[in-house]
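Worksheet: one structure, shown below.
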Amino acid sequence: KQEVTQIPAALSVPEGENLVLNCSFTDSAIYNLQWFRQDPGKGLTSLLLIQSSQREQTSGRLNASLDKSSGRSTLYIAASQPGDSATYLCAVKTSYDKVIFGPGTSLSVIP
Amino acid sequence: DAGVTQSPTHLIKTRGQQVTLRCSPKSGHDTVSWYQQALGQGPQFIFQYYEEEERQRGNFPDRFSGHQFPNYSSELNVNALLLGDSALYLCASSLATSGGPGETQYFGPGTRLLVL
């Protein structure tokens, strides 16, 4: 059974700092891994999608890596800003139909 | 493009009642998935609809049922509501492609359900 965990559960950093969020999954048989952002009480915004054959994806200040063999993904945020404050969720797709989410990391960037 | 839309945005019900939530997928998408997100947790997969059929189901009781219409919109029905059904219900749409399980899901803003 696929399980997804995220460390840390919460993180508080000063503005401008680079930071790394971690995601681990137990079964390496995945189709893709996706990172989402969720603002309080809102839906999910897709940040980056990494296909199982890829090692990393980049978008602006965000870089996500995928190591299927070790069951890990990291989301790197460069030069953090207060507007980056949100909950970040990773999700793995284990079949055509099923997506398993982690519990999320709550990020607070202090001005 | 309106993206994925859901209605209503908020809903308050009492235990034992029934509720229907609605979702319209992003233009061009034909697959709709439903998720339940309890406070402080990640979303949990409920089920997915494609070609008006339930394609796969997560670990949810039969009180949770759904439907997909010919225009690809979808409904989630929950019967005999329990206090524990209070959550944010998210709908996601995608385009089913043969040999392409890696497509991105686009999420709606969710419906916040409170059961008293």
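A few points about this structure:
- The mean count of C-beta atoms from other chains within 10 Å of the C-beta of residues in A:21-33, rounded to a whole number, is 1.
- Over the protein assembly as shown, the pair-distance histogram of Cα-Cα distances with 5 Å bins from zero comes to 1, 7, 15, 18, 19, 17, 12, 7, 3, 1, 0 percent, rounded to whole numbers.
- Each label point was placed 7 Å from the Cα along the Cα-to-Cβ direction; for residue B:54 and residue B:83 their separation is 2.7 nm.
- Measuring r between the beta carbons of residue B:18 and residue A:26 and using R0 = 41 Å, the FRET efficiency lands at 0.65.
- Proximal lysines to residue A:68, defined as alpha-carbon separation beneath 29 angstrom and excluding residues fewer than eight positions away on the same chain: A:1, A:93, A:98
- Surface accessible to a 1.4 Å probe, residue B:53 within the full protein complex, Å²: 120 Å²
- When only alpha carbons of region B:1-105 are considered, Rg and Dmax amount to 13.6, 44 Å.
- Fraction of accessible area attributable to carbon and sulfur, the protein assembly as shown (%, probe 1.4 Å): 50 percent
- Taken one residue at a time, the phi angles of region B:31-48 give Karplus couplings (6.51, -1.76, 1.60, θ = phi - 60°) of 10, 10, 10, 10, 9, 10, 10, 6, 4, x, 10, x, x, 10, 5, 9, 6, 10 Hz. Gly and Pro are set to x.
- The GNM of chain A, with springs linking C-alpha atoms under 10 angstrom apart, assigns the highest mean-square fluctuation among A:80, A:69, A:52 to A:69.
- In this structure the amide hydrogen of residue B:47, modeled in the peptide plane, comes within under 5 Å of the amide hydrogens of B:34, B:58, none closer than 5 places in sequence on its chain.
The values are calculated or read from the model by the stated rules, or taken from the named source; none is laboratory data. In this text, all values refer to a predicted model and were calculated from it rather than measured experimentally. Don't worry about glycine lacking a Cβ; one is built from the backbone with ideal geometry, like all the others, and counts go over all protein chains shown. The accessibility values were calculated without ligands, DNA or RNA, using every heavy atom of the protein model including side chains. Shrake-Rupley method; radii C 1.70, N 1.55, O 1.52, S 1.80 Å.
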